[in-house]
1. Working only within the range 857-899, note down all residues that are over 14 Å from Pro794 (Cα atoms) and of a type in the set (Phe, Trp, Tyr).
2. Answer yes if at least one residue in the range 425-441 is more than 16 Å from the ligand (Cβ to nearest atom), among the hydrophobic types (A, V, I, L, M, F, W, C) and over 23 Å from Leu554 (Cα atoms), and no otherwise.
3. Answer yes or no: is there a residue in the range 389-399 that is small (Gly, Ala, Ser) and buried (at least 22 other Cβ atoms within 10 Å of the Cβ).
4. Would you check which residues across the range 238-273 are exposed (fewer than 14 other Cβ atoms within 10 Å of the Cβ), farther than 20 Å from Thr139 by Cα and modelled with pLDDT of 80 or more and list them?
5. Can you find a residue that is within 16 Å of the ligand (Cβ to nearest atom) and either surrounded by fewer than 22 Cβ atoms within 10 Å (Cβ to Cβ) or among the polar types (S, T, N, Q) (or both) anywhere in the range 553-566?
6. Quickly run through the range 569-606 and pick out the residues that are under 25 Å from Pro486 (Cα atoms) and within 13 Å of the ligand (Cβ to nearest atom).
7. From Pro661, Pro650, Pro666, grab the single residue that is of a type outside the set (Gly, Ala, Ser), in contact with a Lys or Arg (Cβ under 7 Å, 6 or more places away or on another chain) and at pLDDT 95 or above.
8. Applying the selection to the range 763-779, what residues are surrounded by 13 or more Cβ atoms within 10 Å (Cβ to Cβ) and under 18 Å from Glu723 (Cβ atoms)?
Amino acid sequence: MSSDPTLSNVLVAASLRSDQWRQLNAAARAWAGAGESSRGAARDACAKLFATAIRLEYCWAYPGERLLGALREALDGSDAGLFARLLQKVSGALLSGDYRRDEATWNTADAADRSILDALPPDVTGVAEKPYFEVLVVTPSDPSQWARAKEEMRRMQRADDAFQYSAVHVGSLEDALLAVMVNFDLQAVVLVDGFGYASRHDVPDLKAFLARHFEARQDSLDPGALATALAGKIKEYRPELDLYLLSDRAPEQLAGSEDAAPIRRMFHHVEEPMEIHLALLDGVKDRYETPYFDNLKKYALRPIGTFHALPIARGKSIFGSNWIRDMGEFYGTNILFAESSATTGGLDSLLEPTGTIKRAQEAIARAFGAKRAYLGTNGTSTSNKIIVQAVCKPGDIVIVDRNCHKSHHYGFVLSGAQPYYVEAFPLTEYSMYGAVPLRTIKQALLDCAAAGTLARVKAIDMTNCTFDGHMYNPRKVMEECLAIKPDLVFLWDEAWFGFARFNPLHRRRTAMGAAAALTKRYRSAAYRAEYEAWAKDAPALDPKDPAALDAHRLPDPDKVRIRVYQTNSTHKSMSAFRQGSMMLVWDDDFHKVQGPFQEAFLAHTSTSPNLQLIASLDLARRQMELEGYALTLKMTDLALRIRQSINNHPLISKYFRVATPEEMIPAEFRPSGLKDYGPPNATWAQTAEAWDEDEFALDPTRLTVICGAAGFDGTQFKGMLAERFDIQINKTSRNSILVQTNINNTHSDAALLIKALADLSREIDTRLSQESPAGKQVFADRVKSLMTDVPDLPNFSRFHDAFRDDPAAPSNEGHMRPAFFMAYDEDTCEYVKLHSADVDARLRDGPEMVSANFVIPYPPGFPIMVPGQIITADTITYMRKLDVKEIHGYNAAQGIKLIKPTALAGRRANSQQ
Ligand SMILES: *Cc1c(COP(=O)(O)O)cnc(C)c1O
């Protein structure tokens, strides 16, 4: 499916690789079975495929030079049988991953000799299921010595090592970067000082690609600094890898320098190889360790008499029961043995962690690139409330996407912060919203500045990425906003986006990635110079000047604070149990928040947090730190394949299509002009550039599949996929469903979906071909109603003046909390029926209708009314057209709940009741 064989397609290098070995295997079998007349052509075909397939093989330890050499010999010697048997062995081991555990797969003995191998004693490194990884060695030594060096590293390994590894040797910076990109098995890199820049391999597009990706030009690198420059680049691309440096330079001198920061340990050239071996294992162990989970496992095995609450602990109330023994059978013993209500015995307390939970949190902060991390055990719904309440107090203003998850809105009610609602750009044709344009956010800040309330604007609160996959450019948003107010706090709800840290493409769009990038930028001497040059002639900020909106300003490096909070639903994109959530913090002024954070955390966290959930967060982190790079690249690749398969399929694309970046993001937010992913639309270098610079980008793993042209509305289509095809999806809009690929998805899942779409398309095709003209018209009308007669999404109107400090101010923030509590008093409320003439009369003649509560239809899942909001004709029209069943906060039999005009009359905004 991926027709671009160039290196710029790093994303697909892994799947391309398995495809190539598979093809080669088939060709080898064909050669072995070929008759006299076709033998020559079959061999040539093998030779050609082999040459392509091995182009990048130097990046992996397996199959390695020895096996490749044996294959080459068989090919050169025209031994079709041997070639086919060796290939079968190598491609089989690659595809199954057996090379990670089976020593025999490394041997050049071909499969026919297997019986001899079986008789040999197992190699020390080949036993059991030890996790396997590869170590990249970047070295100036002559390639002829590499085999011996590998063997030495191999001999160092012992049976009781926790992990096993093999080495891959390369001789240049270019080769090293390429290996780091394509080899998912790498966990560590050993840099031996003195290697060169240029690849000795003939990979023509490598140089151009690397130059764009890494901005590391040969001429700008002092040869002595090549190792540290490479270390910096690798850390940027795959921060999880452990880097080691072997150098003749005085290590103690180098060790203190900024250049050496990415390096885990330095060794002097002559040092014991055993030291390096131990360091390699130790580095992986640090990531492998799951302090909380490890301890919980130990705890479960200890004989303990429990006299605390929680009768199910250790299964006692279950296995002895006459009536609920099936509970034990179903859940198994471990989950019950791992239950406890004790916070002693080393299990630590989530509410005041000092031991294993504290260490688990530190590991999470490290893995996700944050300064600190907290665990959420009630979903991001609660994590958001904790963060909002920790950061905001009554009177603070928060500029917030009105479409954000309801937990934020409730957070404002709880904290008394005043939301200043801003609108995302609408995608009316798909009945959904995009994300909030930077200009809108800046306008809100300028409005507050004009109204004299800028000092009260505490935070900007946005969803990144949105349900439908709109990714902000957090770096740009923060830079522009900090130039207006340098101490703003940013809350990035990355509920869907926790995985993004581990994919170098996505990472640039994450809150923590941006926090790191901006910190680096603002602390640099170059930025200070840039700022000073700019500040010399920059006019003072005049919020009333229309030019202020588009003026690019720079934050003052002496005043700017990086204050970034991220929440993520770990359970949505990683291997955590439901409700597992993380709160990540990068706040230069955390000392101001620490106390309130503790209060908010205690206010919202159960005193009996779920232990399994905490353990699963620990494990999710381990997985991502060790294989997140592979998993996230694969899920992205899979998404791209699905996109292309659907949109290029002659039959499917008649009725279904996946919305492209071009369709999901208006051109004004996409200056790169990027229309779609993958060839022929864009190379990966172009995509990376677009993701760096464009205001919004579309996360390719979130696929909006438009089903309106097939005559299905989203809900109907979702039901059909579930009932007929066992495909579960989550979100729908009027004419689309959302399909997301995840770290668990396989090619078979993709095939299942595509097969379902093909079957349905065929059915529709057949049905339409047999339909009368009238029947065809019914179908066309249905499609039109789904695709073009979509209701306009109502914007946030405004808060009633009774909830505004200054009704004349251009900003729209309001006191939602008192409005929320007015609804508790039935005497101050009334109801109007949605479809009644009363509603029309009040829209026309007043008095204004003011919502008493949140009204949240699912989908789209955000409040179309909030407490204290004026209800306008738009909202009523939308409600009347809305064809969803689930509308939280609205009971059709009662009607819309309003605050009575009499209760509003004379109410002063600043009174809290
Ligand atoms: C799902 C979601 C939440 C809530 O997270 P839970 O873990 O389900 O509680 C918050 N914000 C956004 C954007 C979400 O998608």
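1. Result: Tyr858, Tyr890.
2. yes
3. Going through the range 389-399, the residues small (Gly, Ala, Ser) turn out to be 390, 395.
Those still in the list that are buried (at least 22 other Cβ atoms within 10 Å of the Cβ) too: 390.
For the range 389-399, residues small (Gly, Ala, Ser) and buried (at least 22 other Cβ atoms within 10 Å of the Cβ): present.
4. Once the filter is applied, which keeps residues that are exposed (fewer than 14 other Cβ atoms within 10 Å of the Cβ), farther than 20 Å from Thr139 by Cα and modelled with pLDDT of 80 or more, the range 238-273 yields only Ala261.
5. Taking the range 553-566 first, the residues within 16 Å of the ligand (Cβ to nearest atom) are 565-566.
If we keep only those that are either surrounded by fewer than 22 Cβ atoms within 10 Å (Cβ to Cβ) or among the polar types (S, T, N, Q) (or both) too, we end up with 566.
Yes, the range 553-566 has at least one match.
6. Once the filter is applied, which keeps residues that are under 25 Å from Pro486 (Cα atoms) and within 13 Å of the ligand (Cβ to nearest atom), the range 569-606 yields only Met583.
7. Values: Pro650 fails: in contact with a Lys or Arg (Cβ under 7 Å, 6 or more places away or on another chain); Pro666 fails: in contact with a Lys or Arg (Cβ under 7 Å, 6 or more places away or on another chain).
After ruling out the rest, the residue left standing is Pro661.
8. If the condition is that a residue be surrounded by 13 or more Cβ atoms within 10 Å (Cβ to Cβ) and under 18 Å from Glu723 (Cβ atoms), then Ile764 is the only one that fits.
The values are calculated or read from the model by the stated rules, or taken from the named source; none is laboratory data. Note that this is a predicted model, so its numbers are computed, not measured. Please note: Cβ atoms are built from the backbone with ideal geometry, for glycine as well, and neighbour counts cover all protein chains shown.
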